[in-house]
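In what follows, a single structure is set out as structure tokens and then discussed.
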Amino acid sequence: MKAIKDILTVVNPISGNSAKEDTITNIIAYCGTDNYSLTIYETTGKDDITNIQNLIQENTIDRVLVVGGDGTIKMVAEAVEGFEVSVGIIPAGSANGLAVNFNIPNTLQKQLDVALGHNTIDADKLLVNDHVCFHMADLGINAELIKNYEASNIRGKLGYVLQTIPTLFTSEYPFNFTLKIDAKTIETKGIMLAIANANKFGTGATINPNGKINDGKFEVVVFKELNIAEIINTIYDKANVQSDFAQEYATTSAIIETQESVPLQIDGEFIENTTKVEVKLCEEKLTVAVPESFVS
């Protein structure tokens, strides 16, 4: 790998409901000690991908640091496509699912050591209804929770907690799913269908224990019922996806159809209510800096 000298830091100022000024100050100080060339860009929600691409071209960027959550990483991944640029993660979202899956450390100093280090992997990229997905997409009750969260005025983990009970009471689960996978058609129903590139939610809950983010496939996991005991097992890394609680299918492409319109979320962002989802594995990968302890 070539030496890392020119760095672009992309900051989402509203992710995770936390101020980013101290983080930016510490990144500037860290990069100054090693004579990096640093460019900082704050997202606005308008023309961010184009602006990032222009900065990469103008400054011959070697690595992009992402200060934000999974949605910000997804946006940056779209921007760097076609460039020989790797990505480092400084988790600053509400759940930070990708950071959890990559075992990114908890302190900023250690995060920067990893983000600007030379240990990288090539992560798989999915297209879900033509939207890029790196971590997790799902249909059903979790996507409905995210939809309700985004419509509320309270950000961060508290916002999710406050929307959980109302979502459980108002959701019209179970949902009927028709899966077309590997020339097979499967009729099933459940409270949620996950399209899992990684294996953990940002909370640390393992919903896809057999998943690896760079194994050239993804898993479709159908959670069949709201079983509190199994949900607790999932949180403590004891999920049994071959039980009556959940069923898993590994593949490189899938078509998912529903009888009624169901909420869809991708990497922590509500996308739409839909009756059809097409998923495929892309040839392009995303090069991500990870700890040396990361086991793919």
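The values are calculated or read from the model by the stated rules, or taken from the named source; none is laboratory data. As the structure is a computational prediction, the values presented were derived from the model and not from experiment. As a convention, Cβ positions derive from the backbone with ideal geometry for all residues, glycine included, and neighbour counts pool all protein chains shown.
In table form, for the structure just shown:
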read-out: Members of segment 56-67 found to be outside any loop (DSSP other than H, G, I, E, B) and surrounded by 17 or more Cβ atoms within 10 Å (Cβ to Cβ), listed by number; value: Ile56, Arg63, Val64, Leu65, Val66, Val67
read-out: Scan of segment 263-283 for residues that are assigned to a loop (DSSP other than H, G, I, E, B) and either under 14 Å from the mean Cα position of the chain (by Cα) or among the hydrophobic types (A, V, I, L, M, F, W, C) (or both), ordered by number; value: Asp267, Gly268, Cys282
read-out: Subset of segment 9-51 (residues that are part of a helix (DSSP H, G or I), under 21 Å from the mean Cα position of the chain (by Cα) and aliphatic (A, V, I, L, M)); value: Ile49
read-out: Inter-residue pairs, beta-carbon under 6 Å, first within 11 Å of Thr72 (Cβ to Cβ) and in segment 7-26, second basic (Lys, Arg) and modelled with pLDDT under 90, 6+ apart; value: Val11/Lys20; Pro13/Lys20
read-out: Any chance Val100 is surrounded by 22 or more Cβ atoms within 10 Å (Cβ to Cβ) and either touching a residue at least 24 places away in the same chain (Cβ under 8 Å) or not hydrophobic (A, V, I, L, M, F, W, C) (or both); value: no
read-out: Filter pass, Ala3 being of a type in the set (A, V, I, L, M), loosely packed, with under 15 Cβ neighbours inside 10 Å and within 25 Å of the chain's Cα centre (by Cα); value: no
read-out: Residue identified as modelled with pLDDT of 95 or more and of a type outside the set (A, V, I, L, M) among Gly88, Gly93, Gly97; value: Gly88
read-out: Among residues of segment 6-42, those that are buried (at least 16 other Cβ atoms within 10 Å of the Cβ), modelled with pLDDT under 80 and either of a type in the set (S, T, N, Q) or within 19 Å of Val85 (Cα to Cα) (or both), counted; value: 0
read-out: Condition check for Asp70: touching a His at 6+ places or on another chain (Cβ under 6 Å), under 18 Å from Val288 (Cα atoms) and either surrounded by fewer than 13 Cβ atoms within 10 Å (Cβ to Cβ) or not hydrophobic (A, V, I, L, M, F, W, C) (or both); value: yes
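So that you can scan it fast, the table gives a plain yes or no per residue for (1) surrounded by 15 or more Cβ atoms within 10 Å (Cβ to Cβ); (2) modelled with pLDDT of 90 or more; (3) within 21 Å of Gln247 (Cα to Cα):
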residue	(1), (2), (3)
Ser152	no, no, no
Leu158	no, no, no
Gln163	yes, no, no
Phe169	no, no, no
Tyr173	yes, no, yes
Asn176	no, yes, yes
Glu187	no, yes, yes
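Conditions tested, residue by residue: (1) of a type in the set (Val, Ile, Thr); (2) at pLDDT below 80.
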site	(1), (2)
Ile191	yes, no
Phe201	no, yes
Thr206	yes, yes
Lys212	no, no
Val221	yes, no
Glu230	no, yes
